[in-house]
Structure formats: structure tokens, C-alpha cells
């Protein structure tokens, strides 16, 4: 008799090893005003069926979306006493809905994100149309008259044109008692027709105090104190996810190295650039790779802000560098290309820019 193989655990896109996923988190860091807006909307006379939660990656959009979804499923009567008395969107950890979500999911919540490709052993480069079409069967199944169903699109920026149009179609003809939470790192880039069918709430980057609180909550004793914690919180630029990646691996060393080499790109030290690129591209160090992307983006944004008075040409050159680097990052991830070369090309591009 053949021995049954153990079930293969499918990885979760954007998961950080050792840290809880958004659907497992009961606590929300920051965003109290946004939470109150969603609570007030839920108990109002007219509740919009679709919401865009916008803001930079890693600031808590998915955690807030699941917090809202958990509250709605646990409190299906919008005009009941429980909703009227609620001070926030919290649901006790021992509530059946909380336990189901922590265990892996809830039948009335559909979470759409980039799927794992078992053949290539990597995540697909986009959120394909077949994933969005899962909404057809999800909303087509029978549910009780009082039950709500929620679809969380995480993130809408990953959709291609076909999947975006598929989402638009169901947003135009929404089923009864359904809610859509569309997460986006750059809402302005979504299709105008999708934006027009959603209410939009932009989440602000977290404060340094929020970042420090979030790190202590998630990482406990491994969180540094003093100047190192301040530098991590500052470099994270409002993103708790980025703060976690900076805390992990060689994040702080990479942050310091990227800033130093970018500031001195006119006299680029190639030996230091190669050493940093080796660190970023080290095998199995995905946190280092993500930290490089985050710090490089922050540095370019800050430099563009500083050079606003230098003319359109200077700003366009920096935008071009970031666009090329972004595409190189996507290609490296999708095609398993050399990450070290992406890092070196970034600094070489800055050196060329500094010489013009």
C-alpha cells in the first residue's frame, strides 16, 4: 500500500517568516481615524458596497481590511445594539469568527492575491483573471439571509488588464449583502472606472512612534533600543513591514550602505558597491532584497523632492532611474535573474546621473 504523502504547505505571497499574516492579527497599529470611518459607514443608512484602501505597502491596509471583515461577519446586523455600542472594529480573539480566520480563513471572506505557481516554485507576476473570476462561484453559493460576504483584493496593483476588467464587471453589478475591500499601494493608477465605483480612503504612513510600538508588539525582545530603533523607524518611512525587514537579516547595514553609496554616487566606490550588492543578493536573504528596494525608493523620492526647483529634466532622469530599477526588480523576481546586477546597475545609473 502506497504511503500517503504529507500535505504541501502553499506559501503566502508577501509573508514574513516568523511573523503573523494580516488575517491572523487582531491588533491594529495606528489608523484609528480610518477605522472610525469604516465603523461609521457600516452603521450608517447607506453603506457603499466597494472601498479602496490606499497607501504605501506595509502600513497595515490588509490588517485593517481583515479587521473590518471580521467585525462585519461577527456583527451582521448593521443596526443592532452591538454595532451601535462598538467603539472600534475589534472582535474578541475567542470569538468563532476570529478563531476561524486565525486558523486559515472564513467561508464568507474571499482573499484574492497573486497565486503560487507550483511548476516554477514562485509566485505569479500578477493577479490573473482566473483568480478574480473566483468571485463568481464565491458569490453564487447559498448563504443565510443575514450573512455578509466580503472580497479582499490584495493588492489591486497586481492585476493585469483582464483581471481588472473582470473585477470591474462584478463591481458594476454587485450581489446583495456583499462588500469589496480593494487594497492599492497606488490608487491613482487603478482604472478610472474601478475608482469611480468605489469609495476611497487613503491610509497615512505610520508615525515613528507607531513603528516602534508595532515592532515591540511583533518582535519583542529582538527590537533594538536607542539610535538603532530610531534609525529603523525613520528608514521604514511609515511602513511597519519595511521596519520588520530592516530589523531582520542585514537590513540596517543595507539601509546605511544604500544611502551612503547613493549620496556619493558621483565618486562611486565600486568595491563597496560590489560588497553591498553581494549582501543584498545573498542566497536565501529575501529580507535584504526587499530592504534594498524600499531604501532605494525612499532615497529617490526624497532626492526628487529636494530637486523640485532644479527643473523637469532632473526630475525626469530620477523617475527614469526608478522605473528602470523597478522593471529590473520585477524581471529578476519573475525570471530568477541576477539580483546583484540589479543593485549595481542602480548605483551605476546614479553615477551617470551625477555626472550630467
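Tabulated values for the structure
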{"quantity": "Rounded tilt (10° steps) of 312-335 against the dominant C-alpha axis of the chain", "calculated": "70"}
{"quantity": "Relative contact order (percent, whole number), segment 206-334, Cα cutoff 8 Å, 6+ residue spacing", "calculated": "21"}
{"quantity": "Order by protection proxy (mean Cβ within 10 Å, highest first), peptides 55-61, 13-19", "calculated": "55-61, 13-19"}
{"quantity": "Convex hull volume of segment 249-355 per residue (C-alpha atoms, cubic angstrom)", "calculated": "84"}
{"quantity": "Relative contact order (%) - criterion: Cα under 8 Å, at least six apart; region: the chain", "calculated": "17"}
{"quantity": "Cα-derived Rg to Rh of segment 293-356, Kirkwood definition", "calculated": "1.00"}
{"quantity": "Between 0 and 90°, nearest 10: helix 161-172 axis offset from the chain longest Cα axis", "calculated": "30"}
{"quantity": "Relative contact order (%) - criterion: Cα under 8 Å, at least six apart; region: segment 1-131", "calculated": "28"}
{"quantity": "222 nm mean residue ellipticity, helices alone, for the chain (DSSP H n ≥ 4; -39,500 (n - 2.57); rounded to 500)", "calculated": "-15500 deg cm²/dmol"}
{"quantity": "By average C-beta atoms within 10 angstrom, highest first, the peptides 104-111, 249-256, 238-245, 33-40", "calculated": "238-245, 249-256, 104-111, 33-40"}
{"quantity": "Antiparallel DSSP beta bridges within the chain, percent to nearest 5", "calculated": "10"}
{"quantity": "Ranked by how many other beta carbons lie within 10 Å on average, peptides 282-292, 215-225 from highest", "calculated": "282-292, 215-225"}
{"quantity": "Between 0 and 90°, nearest 10: helix 61-74 axis offset from the chain longest Cα axis", "calculated": "10"}
{"quantity": "Share of Cα-Cα pairs in the chain lying beyond 35 Å, as whole percent", "calculated": "29"}
{"quantity": "Share, in percent, of DSSP beta bridges within segment 22-202 that are antiparallel, nearest 5", "calculated": "10"}
{"quantity": "Whole-angstrom gap from segment 216-281 to segment 167-188, using each part's C-alpha centre", "calculated": "36"}
{"quantity": "Cα shape, segment 22-202, gyration tensor, a/c 1.5 rule", "calculated": "rounded"}
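Read the figures in this text as sums done on the coordinates, not as results from a lab. None of these values were measured; they are calculated from a predicted model. Heads up, the Cβs are rebuilt from the backbone with ideal geometry, glycines too, and the neighbour counts pull from every protein chain shown.
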